[in-house]
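The values are calculated or read from the model by the stated rules, or taken from the named source; none is laboratory data. These numbers were taken from a predicted model, which means no experiment stands behind them. Using ideal geometry, Cβ is built from the backbone for each residue, glycine included, and neighbour counts are taken over all protein chains shown.
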Amino acid sequence: MPQAMPMVFIVDDDISVRESLPPLFTLLGWQSETFASAEEFLARPPCTAPSCLILDVRLPNLDGLELQNRLTLDRDHIPIIFITGHGDVPMTVQAMKAGAVEFLTKPFVDEVLVDAIRHALDRSTDALRHAHELRALRDHYASLSEREREVMGLVVSGLLNKQVAAELGISEVTVKAHRGQVMRKMKADSFAALVNMAAGLGIAAPAKA
C-alpha cells in the first residue's frame, strides 16, 4: 500500500482553534484541513491517506457526537479526538464507547494533543492497510471459477482430497488440479494461509461429519 502524508482534519466553530493548530501540524509533517461545521466536513470527499479528526463536541446544527455516529457508517478509518470547553462525564463515556481516541477539555496542552494524534494516525494506518488487504483478497477470490470456489470451501473445512472428490462427484486428480489453481490464484503459499484467507472472507464451508 503506497504511503501518503497523514492528514489531520479539524472541525470546530471556534476560528482561533482553526487558525492555531495547522501551523503546529505543518511542523510535525502532517497536512491539515479545517472546517467550521460538521456539514462542511461531510461535504468533503473521503480521504484515502492515514487521517484523524479533531472534533469539537458542541457545533451548530449537527453536533460532534452526531457526526461521530455518521462517520462509523462510511469513514470508520478516521479516528476521532474530541475537544470541548463544556465536557461532562456522560458525554465523555458516550464518545469513548463509540470509539473516540481521546476526549480533551479546552484549554489542552499541545503535547497531549500531539500524542493523541500520533496514536490516532497509527490506528488509521492499520485500518487502511486491513481494508487494502481485504480488497485484494476479494479480487483474488473473484478470479476463481465456481468449481474452484467449491473446492476451496470444502478443502479449508478440513476435508481430504478424496472426500472433496466424493462430495463433488469428480475425480481426486481433478480436485488436486483445482486445489493447485486455487492456491495460485489466491496467492497462498501454504494451506494455513489459505485457511486464514477463507476465514477473512467468511466463505469457509462447514466440515462434513
If you scan segment 181-195, which residues turn out to be more than 12 Å from M152 (Cα to Cα) and either polar (S, T, N, Q) or not assigned by TED's automatic domain parsing to the domain that holds R149 (or both)? S190
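Look through segment 179-199, keep the residues that are among the small types (G, A, S) and assigned to a helix (DSSP H, G or I), and return whichever of them is farthest from L134 (Cα to Cα). Talk me through it step by step, then tell me what you get.
Keep residues of segment 179-199 that are among the small types (G, A, S), which gives 180, 188, 190, 192-193, 198-199.
Then keep just the ones that are assigned to a helix (DSSP H, G or I); that gives 180, 192-193, 198-199.
Working: G180: 22, A192: 17, A193: 14, A198: 11, A199: 11 Å.
Filtering segment 179-199 for residues that are among the small types (G, A, S) and assigned to a helix (DSSP H, G or I), the one farthest from L134 (Cα to Cα) comes out as G180.
If I ask for residues that are in contact (Cβ under 8 Å) with a residue 40 or more places away in the chain and either within 11 Å of D12 (Cα to Cα) or of a type outside the set (A, V, I, L, M) (or both), which ones from segment 26-57 would you list? So that I can check it myself, show each step before the final result.
Pass one, segment 26-57, residues in contact (Cβ under 8 Å) with a residue 40 or more places away in the chain: 28, 30, 47-56.
Within segment 26-57, W30, C47, T48, P50, S51, C52, L53, I54, L55, D56 qualify.
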List pairs: first in segment 103-123 and under 20 Å from M5 (Cα atoms) and of a type in the set (V, I, T), second at pLDDT 90 or above and outside any helix (DSSP H, G or I), Cβ under 8 Å, 6+ apart or cross-chain? V114/L28; I117/V8; I117/W30; I117/C52; I117/I54; I117/I81
Can you tell me which residue is nearest to E167 (Cα to Cα) among those in segment 134-149 that are assigned to a helix (DSSP H, G or I) and touching a residue at least 24 places away in the same chain (Cβ under 8 Å)? R147
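Which of the residues spanning segment 151-178 are in a helix (DSSP H, G or I) and either polar (S, T, N, Q) or within 16 Å of V195 (Cβ to Cβ) (or both)? Can you show your working first?
If we filter segment 151-178 for residues that are in a helix (DSSP H, G or I), which is where we start, we get 151-156, 161-168, 172-178.
If the condition is that a residue be in a helix (DSSP H, G or I) and either polar (S, T, N, Q) or within 16 Å of V195 (Cβ to Cβ) (or both), then V151, M152, G153, L154, V155, V156, N161, Q163, V164, T174 are the ones that fit.
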